């Protein structure tokens, strides 16, 4: 294969209008563990397949899904340290929003800010693009939030003249690629198993807005298990977080899915897989057990 | 002005204060915005260097004006050592005056002594620490730490070493020193009892022939008693001193802490 | 062509999405002599080979011996460029100090490790910088118990049960992996012995561990919530550990296995 | 209005804002704010910040105008950048930020009132030091000291728009009566889902009209 | 510390003589220092065997005007710590935001470490000292209540100068004069803390709130009270003073028509 040198520097177009460095960065993502996000009617689930690269790693630690402010979760696939950089920027954005607007940053806005940030790393030859694709899930509060720090409460019966039919807040899910490109999603997947995962997500018909958060958790676990290619990869650990509204289990906060629920979901996922694999040789199923 | 209510009512009937109390009012003339960044938290400290030990002591009362903030606020601290408790420390410091400055000063010195150990692999000598403390204090010559600091330890020969400081870093190695609210009460007592000032050998003569009582190094036990007496007396005569007496004693075996109650009136 | 053009700086991806400069920096870690770290439920241990490769002036930085006092709750061991380690170590020292001064609390280990990881990542994304050429093992204890972390030049940091980095560390890792299940309930002595055995495995055939080439550092949870401060054993002091090792060998080579079996019974 | 030694304009007047609600009138729950001022100036202290957010200012006219201008600009930017109208809270947060961080340089007491469909009518008060208080109604300015009692005694939860207007008018009449530094006409703006409606009441007819015209 | 937050941090004429402020520039850039405007009065707190009780009334005064009557001056942190604010309300709100952002930052690691009351007090004291050293003080006195590293009750004060002290009973503002002696009678020293039940502590604090309302003209009969223990925080923000008795007024004879 003949390379022309247009791929040696960031911020350089090739004659056919490609930015090779961004494409190569995407390659780094394609080797990462699968990460997915599902936007349910009453919340968002994030899940990631953590490949166990060494037996010496301490199980249950080395978390890969991060919280931003209290209501946003971020998971990325690709170069892990780049993901950490991304998260720390996200936290800066959220805190600067807090400083000026004195309220939590809406998910759509943090996605847009971070999209711009990632895009900036494709513009200059002095930096390289992010080697991660990131999924951002958040819940914008449906409640009337006070201005941070305010005292007093107004009339006891609440403010007058509200349009009660208005629905505000709710779940948000976005995915940002190394190019800085981002879209809002019902279901998003990245990393090694993204193709399989996307197929599975599509089957869920998420745009109908009927999938509940609890079902979402089950589906997320199942999809990660389906997307995991255990002929190629070693064992993996499943990490899952979720965010619900004020009436849901997390009360608007981004939190780890409780261990019990996750284990249940994993058990169901394994079972579903076994069902699928019945015709295959059973050695795979055994392997899952260990 | 009326738009902002009669702000002057704020302090019409309190004690007098050095600055106009009216909050900056709407276009109401010159705005006075002074702030006095110090206060005096009372209390007293005292240090005595012996032959092979040094004692630093302080009462544990903290005051503001006529109020007692607390009956237990230590004024004597270990500096350096292995951890935040000062395990294996060999240097002690007392601070009296503005407590917040004292606290910060102590923390700065403690950090420096610990960093010294980190960088040089050996503990800092009292002499070096004494010089460093002076530098810290002078570094804030134009916004001083409002404290009277006394540093104690053992010198290279194992003798008791005591250094006392003014707020801007002037320092001197001394045999004994009292600081804080009751300094003027305690110091003359120490002059007499530690350095035997105004004590003469009986019958030794008249006028210039009169011989001063020769100085003898104090024993640790009697020094502790001396410290206790000094504070018991100070408590009687100074309202900002009382509640408890905290003593740190450095010897070749390390630092020992002794606490005893004082009158709480 | 053997050489490629994608390895000149750390801001260029190869077509496979690799960053060669970072990978080369990882090689620098392998030039350093081996260090081993492991944790039990009560202790964290670092053992290291002292003979410095040409790369290293100082093998073991322990924030308990030379760095005593301020971060009494953790220490580090390095493989690779010692000067890079010093930069990171000083940074950690500052962070630890500032945590003590600002909050009156010993800095949580995971956070201080993450902070050097973040620092290292920056060096892999900007032109004109180079990745750190050093790997670290960070071992210590905080209120959540003993921890061991590995730091890599890429900025990757991971919590481990046991780990080894440096020259021929693969053999040490193999030992650790084989005995992984025994660490959690090991006593302080057993843990150090495992460390020494792993270390020995990485030695060339004709070499032995001696007081001249081995250092050991231990930190443990003392009684009633108190720390057993980080303690470095160097020179003659190491002999207690080495003797322990040889005694055991002469008595019964399988003592460790037995010990573990007994614990399972109980 | 008079000139002080500092060269700052000082504005007198009183402001009442109320956040009030009532049931029964379609879309009529609203937030109200009124202000009154000496008649010599063509504009009241009421400044529209966004179409349905207003600020009331007391203290130095120059200061409060400057603050209001900055906030207005920022709110416009906000709307453009995020493609959504700012809420009353956002406006209040911005005002508070400016008033608090520049408290030693400003002499500005502000009342922020606004309506948005999600939060309904709201009133915030930012007194001199730059603290932020959410209130049922807020009063400020020189005349306000005279009507703390009136307002406390006459304010009720869930008033209708008409009751609200009367409450505000009644309070202001008292302020005008007793405060030597307040007087003239009553200007009022009523913020509801329907938008901002300005009212004017003259002493000529005992403050009964002309109202909204 | 006394009844006049405006006077905090200023030398008293009767003790120091009139202060010569001439060397302090009265004009020029970087003038920060302000005075408190909207202020809260006393905060009082007492340790008991399992924790700490803290209380403050719900009033924010504007000079002598009782301007805001629904200002909650106790703030919780982490479900482990209560902070009571006396002094300027705008600075209290600022500190509240500082604490919120600290809370968010702390929860990021999710590593099982939490700041306790002692850590928080150290931090706040540093913030206050820093600001006083910049001549831009936060005009507050804070009481921080909760438990320390060993789970024992913790109570400590920090003020606009960065001065800190800790005691089994603490009170700011007017409370330092009126409530502190009453509380000290019940809990004279650290050793006595172990013998105090929660009920006794709450009763003592409520009694003090009543005395303060009787005698502090800038106080309110609505108040907030929090009990903080290792089990969590019980915060009530809309308490009313109970069983007040002003009937003694009948017996007072003094001026005018009452001289008989």
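Assorted remarks:
- Selected residue (only one of E:120, E:115 is in contact with a strand residue (DSSP E or B) (Cβ under 9 Å, 6 or more places away or on another chain), without any contact (Cβ under 8 Å) to a residue 40 or more places away in the chain and more than 10 Å from chain B (Cβ to nearest Cβ)): E:115
- Test: residue in region B:43-56 that is within 14 Å of chain E (Cβ to nearest Cβ) and either at pLDDT 95 or above or surrounded by fewer than 24 Cβ atoms within 10 Å (Cβ to Cβ) (or both): yes
- Residue in region E:221-234 that is farther than 26 Å from residue E:153 by Cα, in contact with a strand residue (DSSP E or B) (Cβ under 7 Å, 6 or more places away or on another chain) and outside any helix (DSSP H, G or I) present: yes
- Listed by first and then second residue, the pairs linking a residue in region D:157-180 that is within 9 Å of another protein chain (Cβ to nearest Cβ) to a residue that is part of a helix (DSSP H, G or I) and at pLDDT below 90, with Cβ atoms under 7 Å apart and 6 or more places separating them unless they lie on different chains, are D:179/D:142; D:179/D:143.
- Qualifying residue in region D:139-147 (condition: within 28 Å of residue E:39 (Cβ to Cβ), out of contact with any helix residue (DSSP H, G or I) (no Cβ under 9 Å at 6 or more places or on another chain) and not in a loop (DSSP other than H, G, I, E, B)): no
- The strands (runs of 3 or more DSSP E) found wholly in region E:41-121 and carrying at least 3 residues that are modelled with pLDDT of 95 or more occupy E:43-48, E:51-57, E:74-77, E:81-88.
- Considering region C:8-35, and only residues there that are surrounded by fewer than 16 Cβ atoms within 10 Å (Cβ to Cβ) and in a loop (DSSP other than H, G, I, E, B), the residue that is modelled with the lowest pLDDT turns out to be C:8.
- Only one entry of D:89, D:96 meets the criterion of being at the interface with chain A (Cβ under 8 Å from one of its Cβ atoms), under 18 Å from the mean Cα position of the chain (by Cα), closer than 20 Å to residue E:60 by Cα and not in a strand (DSSP E or B), and that entry is D:96.
- Residue within region B:192-200 that is in contact with a strand residue (DSSP E or B) (Cβ under 6 Å, 6 or more places away or on another chain), in contact (Cβ under 8 Å) with a residue 60 or more places away in the chain and outside any helix (DSSP H, G or I) present: yes
- Selected residue (criterion: surrounded by the fewest Cβ atoms within 10 Å (Cβ to Cβ)) from residues of region E:52-64 that are more than 14 Å from chain A (Cβ to nearest Cβ) and touching a helix residue (DSSP H, G or I) at 6+ places or on another chain (Cβ under 7 Å): E:64
- In region B:141-173, the residues that are surrounded by 17 or more Cβ atoms within 10 Å (Cβ to Cβ) and in a loop (DSSP other than H, G, I, E, B): B:144, B:145, B:146, B:167, B:169
- Residue within region B:90-101 that is over 15 Å from the mean Cα position of the chain (by Cα), closer than 27 Å to residue B:240 by Cβ and surrounded by 21 or more Cβ atoms within 10 Å (Cβ to Cβ) present: no
- Within region A:24-77, being in contact with a helix residue (DSSP H, G or I) (Cβ under 8 Å, 6 or more places away or on another chain), part of a strand (DSSP E or B) and within 11 Å of chain C (Cβ to nearest Cβ) holds for one residue alone: A:66.
- The condition of being surrounded by 24 or more Cβ atoms within 10 Å (Cβ to Cβ), within 12 Å of chain A (Cβ to nearest Cβ) and at pLDDT 85 or above holds for residue D:126.
- For region C:97-148, a residue qualifies if it is within 14 Å of chain A (Cβ to nearest Cβ) and more than 20 Å from the chain's Cα centre (by Cα), and the qualifying residues are C:122, C:123, C:124, C:125, C:126, C:127, C:128, C:129, C:130.
- Residues located in region C:174-195, provided they are within 11 Å of another protein chain (Cβ to nearest Cβ) and either buried (at least 24 other Cβ atoms within 10 Å of the Cβ) or free of Cβ contacts under 8 Å to residues at least 24 places away in the same chain (or both): C:176, C:177, C:178, C:180
- Any hit, region A:115-130, residues being within 11 Å of chain D (Cβ to nearest Cβ), over 24 Å from residue A:38 (Cα atoms) and either surrounded by 24 or more Cβ atoms within 10 Å (Cβ to Cβ) or within 16 Å of the chain's Cα centre (by Cα) (or both): no
- Filter pass, residue E:190 being more than 21 Å from the chain's Cα centre (by Cα) and closer than 27 Å to residue E:123 by Cα: no
- Number of positions in region B:60-79 that are assigned to a loop (DSSP other than H, G, I, E, B) and at pLDDT 95 or above: 7
- Among the numbered conditions (1) at pLDDT below 95; (2) crowded, with 24+ Cβ neighbours inside 10 Å; (3) under 30 Å from residue C:106 (Cβ atoms), the only one that residue E:173 does not meet is (3).
- When residue C:62 is tested against the conditions (1) in contact with a helix residue (DSSP H, G or I) (Cβ under 9 Å, 6 or more places away or on another chain); (2) at pLDDT below 90, the lone failure is (1).
- Restricting region A:151-170 to residues that are touching a residue at least 24 places away in the same chain (Cβ under 8 Å) and on the phi < 0 side of the Ramachandran plot, the residue that is nearest to the other protein chains (Cβ to nearest Cβ): A:168
- Evaluation of residue A:68 against (1) surrounded by 19 or more Cβ atoms within 10 Å (Cβ to Cβ); (2) over 29 Å from residue A:245 (Cα atoms) (one fails), failing number: (2)
- Scanning region B:80-120 for residues that are outside any helix (DSSP H, G or I) and either within 14 Å of chain E (Cβ to nearest Cβ) or free of Cβ contacts under 8 Å to residues at least 60 places away in the same chain (or both) turns up B:80, B:81, B:82, B:83, B:84, B:85, B:87, B:93, B:95, B:96, B:97, B:98.
- Output for region E:127-161, where each listed residue is part of a loop (DSSP other than H, G, I, E, B) and either closer than 16 Å to residue E:5 by Cβ or at the interface with chain B (Cβ under 9 Å from one of its Cβ atoms) (or both): E:135, E:136, E:137, E:138, E:139, E:160, E:161
- Members of region B:70-79 found to be at the interface with another protein chain (Cβ under 10 Å from one of its Cβ atoms), in contact (Cβ under 8 Å) with a residue 12 or more places away in the chain and surrounded by fewer than 24 Cβ atoms within 10 Å (Cβ to Cβ), listed by number: B:71, B:72
The values are calculated or read from the model by the stated rules, or taken from the named source; none is laboratory data. These numbers were taken from a predicted model, which means no experiment stands behind them. Because the Cβ atoms are built from the backbone with ideal geometry, glycine has one as well, and the counts that use them run over all protein chains shown.
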